[in-house]
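Structure first, then comments.
The values are calculated or read from the model by the stated rules, or taken from the named source; none is laboratory data. Just so you know, these numbers come straight off a predicted model, no measurement behind them. When we count neighbours, we look across all protein chains shown, and the Cβ atoms used for this are built from the backbone with ideal geometry, even at glycine. When the accessible area is computed, the model is the full protein with side chains, heavy atoms only, and any ligands, DNA or RNA have been set aside. Shrake-Rupley method; radii C 1.70, N 1.55, O 1.52, S 1.80 Å.
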Amino acid sequence: MPPRPISFILNAATFALAFATVCPKASSETLFTDFLKPVFEENCIQCHGKDDKEEGDLNLLKIESLDDLTGDLERLQTIFDVLDFKEMPPEEEPPLSNETYERVLSELKLLLEKSIASQTTFPQTPIRRMNRFQYSNAVQDLFKLKVEVFTLPERMLREHGNYFEPAAGIMPETLKAGSRPLGKSQLIEPRLAGVASFPQDLRAEHGFDNRGDHLSLSPLLMESFLKLSRSIVESNDFNEKSCGIWDSFFAQPNREENIELAIEKRIQAFLTRAFRRPAETSTVNRYLKHALANIESGESFTDSMKSVAAAAIASPRFLYLYDRAMEADTSTDFALASRLSFFLWGSIPDERLIELAEKGELHNSNTLSKEVDRMLSDERLKRFCDSFPSQWLQLERIISSVPDPDLHPNFYFAKYRASMHMMLEPLLVFETILIENRSILELIDSNFSYRSPLLDSWYLDGGQSNRRHATSIPFDRVVLEDRRQGGVITTAAVMTMTSKPTRTQPITRGAWIASVIFNNPPEPPPADVPPLPEKESGEVDENLTLRERFEAHRDKPECAGCHINIDPLGFAFENYGPTGLWRETYENGREVDSAGTLLRDYPFQNILEFKDAILAEKDRFTRAFAGHLLTFALGRETEIADEPALDLIASETASNAYSMQSIIKQVILSNPFRRKPTDSNLAMASEETEPMPNP
C-alpha cells in the first residue's frame, strides 16, 4: 500500500488526538508499553539495540518509557522520518503490516505534535550580515539607483528586453535572456565605476547562501565594508542622473530653509529606511552632528551628506539582519517587514511596509496577505527568481560541468558551451510557474518549456543549431507533447550537471532527487568507499551495464542501506545520457534499465512512470518544497518546532490547487515566519552598540 499523504497523517493524528481526549489512557504510558515498544522489539532492535548494535547511533532498548521516547525530539523525528520515507525496516526484512504501519506513523505524529506544542518559541535565526546579493539590492533600493552597484554572476539569468512583468500575470511567448556566468559579455552592464564587490557568499550544503550560521562579519570584512561604502558614494557614476534620492538627500537645501532642520529631517527619513525602523533620536543626532561638523570645516553640503550615507551603509544596523528591541507592539511588525522584503525582494522594506509597521498593522493577517499580493506583482520579485530557484536546484553545478569533448563534441561551440543555454531553461520554467501562479506540480511534469534554437536541436538529436547565440539568447515558449521533457527534473541542465565527463552518475542524480525534490538528503558516504573505476578491464566488465557495475560496487553492508533508497531515484534517469540526450542502449549495445520502485510502494519501468510515482506523492513533494522555501525565508535550517507549520503549509497549498503563489503566501502566514523575537534575541539586540564609522 502506498505511503500515506500528509492529509492522511493529519487526519490520523487528529483522530488519535480525539480518541485520546475521550480515553486518556490511549495517550498515556500504555501507548508505549502495549503498542510501540512491542513493535520496536519485534521489528527494529535486531539492528538498533540487540547485542549492543546501534546502527545510525540508535539504541531502542534504551527507550524504556514514553518519557524516554518524547524526551529527545530529534530522535523521535528521525524515527518518524525513516518510517515515513519507508527507509525502515530494511528492505531485506519483513515489512510492517499496513495496519501497524499506519497506526505507528499516526501515533508518532501525534506524540511529535503534542511535544512541539509544549514549546513556546521557535528557533531563532542567528544575527547575520546581509550576503552580497542582498547588500547590492539594499544599496540600490536605498539610493534608488538606476544602475547596478556591482555585477553579480550568481544572478545566473540576465533579462534582456524587460520580459519579467509579474503584474501582467503571464509570461511572453518569446523573450531574450543571457547567462551571466557562461555567456559572452553578460557581466558587462551599467554599474557604479570603481566599486569592487566583496567575495561571493557560497550556498550552504543542502541550503542557501543566506543561512545565518554562514554569514559572519570578521574585522577584515568589516573594514572592507567601510571602504566599500565610501567607494559607492564617491563613484563618478553616483550622481544626480543615477541616484533617485539625489534631490531629496544630497542636493543643497533652499536658502530659506534652516539647514540644520533640513539635514535632521533628511537624516531621519534616510536612516529609517536604511535601518528598517524609525531611527532613534540619539542616532539621528550623532549623524547630524557629524554632517554639521563637516560642513563647518569647509566641506560641501553634498560631500557631507555623502559622508553620512557612507557611514549609514557601513553601520551594523544596516549590515545586520536581526530583530532589535523596540516597543513590544511595533517590534514584531518592523521585524516582519524586513523578513518579508528580504524573502521576496532580497532587499530592505519599501516605504509602504515601513508605514504599515509604524502603524502596527502589518502583522494583521488580512493586511499581510494583501501586502504579499502586492509584492508578488512587483518587478522586484525578479530578485526572488534570481536567488531561490537556482540555489534550490543547485544549478551552480552546471558552471563547472565539462563533458568529454571527444564524446560530446556538439556540446562546445567556439569557446562556449551548450550549458549556457541549458541553465536558463529550468529558471524560465520556474519564473513562468510563479508569474502565472501555476501548480508547483509542474516543476515535476509540465506541458510547456522555453527553448532556444540550440536547445531545440539539442533535444531533437543532440545536433548543433546554426543559431548558436552566446549573448542575448532568444527563447520561444513551446508546447511539449513528450512527457520525457516536461518539468525541471529531466532538463538537460539537471542531467548534465549530475553527470561525469564520460558517463552518468546515478548515485549523484538519486541524491539530487532526494535532496531537492523530497528534501531528504542522504548521509555522506563513508570515507573509505572507493569510487567506481572509470575504465573497465576485461571483456566481461566491458559488457556490464552501469547498474550491474554498481551492484558489484555497493556490496558493503554499511553502504547498502542508503543505496537501496538512492539508487532507484538515480537509475530512473538512466535513459538520459551525460548531456541529457535520450538513449535506449549503452555504447556496448546493452539496453538501458531504468526500472525501480519509489518509496518501496510505487514500481516504475520508465521515467514517465517515475514522474507519475512522484505525483502520486504530491503532498510529500509539496511539504518538501515548503521546507526549502521556509529555510530560504528564515535564513536558517528548519527544525522540529517548524514541523506543524510545514504540515499546515502543505495542507493549505493542496486546497489551493498547489499553486506557487499560494505556497509562498502560506510560508509567510506561518507561525515560524511571523514569530515574535524571543527574549534572548531582544536582550542580545539591546546590548548591541553601534560605533560611528569614520567616514
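Rounded to the nearest 0.05, the FRET efficiency derived from the C-beta distance between N437 and N258 at R0 = 51 Å is 0.50. For region 248-255, putting each phi into the Karplus relation 6.51 cos²θ - 1.76 cosθ + 1.60 with θ = phi - 60° gives couplings of 8, 10, 9, 6, 4, x, 4, 4 Hz, in residue order, rounded to whole numbers and with x for Gly and Pro. Only Cα pairs under 8 Å and 6+ residues apart enter the sum, and on that basis the relative contact order of the chain stands at 17 percent. Our estimate of slack between A414 and R484, defined as 0.36 nm per intervening residue step minus the Cα-Cα distance, is 22.2 nm. Among the GluC sites (Glu not before Pro) in region 562-624, those located in a DSSP loop and surrounded by at most 16 other Cβ atoms within 10 Å of their own Cβ are E584, E587.
Surface analysis of the chain yields an accessible area of 43 Å² per residue, using protein heavy atoms and a 1.4 Å probe. To the nearest 10 degrees, how steeply does helix 219-234 sit against the main Cα axis of the chain, on a 0 to 90 scale? So the helix axis and the longest Cα principal axis differ by about 50 degrees. Taking the chain as the reference, fit the longest principal axis to its C-alpha atoms, fit the long axis of helix 618-634 to the helix C-alpha atoms, and give the angle between the two in degrees, 0 to 90, nearest 10. Relative to the chain, helix 618-634 is tipped by roughly 30 degrees.
Within region 135-172, whose backbone N sits under 13 Å from a point 7 Å along Cα→Cβ of S472? Within reach of a label on S472: 159-163.
Pairs to check: K382/K665; K382/K618; K62/K86. Give those whose C-alpha atoms are more than 19 Å from each other in this structure. In this structure, K382/K618; K62/K86 lie more than 19 Å apart at Cα.
Partner lysines whose Cα lies under 19 Å from the Cα of K227, excluding those fewer than 8 positions away in the same chain, are identified as K306. Inter-label distance, R374 to Q46: 6.2 nm, where each label sits 7 Å from its Cα along the C-beta direction.
Among beta bridges from DSSP that stay inside the chain, the antiparallel ones total about 95%. Once the Cα-Cα distance is subtracted from the 0.36 nm per residue extended length, the D406 to K289 segment shows a gain of 35.3 nm. Per residue, the chain reaches -13500 deg cm²/dmol at 222 nm when only DSSP H runs of four or more residues are counted, each adding -39500 (n - 2.57). For region 123-219, GluC sites (Glu not before Pro) are listed when DSSP marks them as loop and at most 13 other Cβ atoms sit within 10 Å of their Cβ; the list is E173, E205.
Between the helical axis of 301-313 and the longest alpha-carbon principal axis of the chain there is an angle of about 20 degrees. Cα-based radius of gyration for region 419-512, normalised by 2.2 N^0.38 Å, reads 1.09.
Atom-type composition of the exposed protein surface of region 88-185 places 47 percent of the accessible area on carbon and sulfur (1.4 angstrom probe). Considering only W392, L108, Q661, the residue lying farthest towards the positive end of the dipole of the chain is Q661, judged by Cα position with unit charges set on Cβ.
Apply 1/(1 + (r/R0)^6) to the Cβ-Cβ distance of A117 and F198, taking R0 = 45 Å, and write down the FRET efficiency to the nearest 0.05. About 0.60, to the nearest 0.05. Taking trypsin sites (Lys or Arg not before Pro) across region 172-259, the ones in a DSSP loop with at most 10 further Cβ atoms lying within 10 angstrom of their Cβ are K241, R255.
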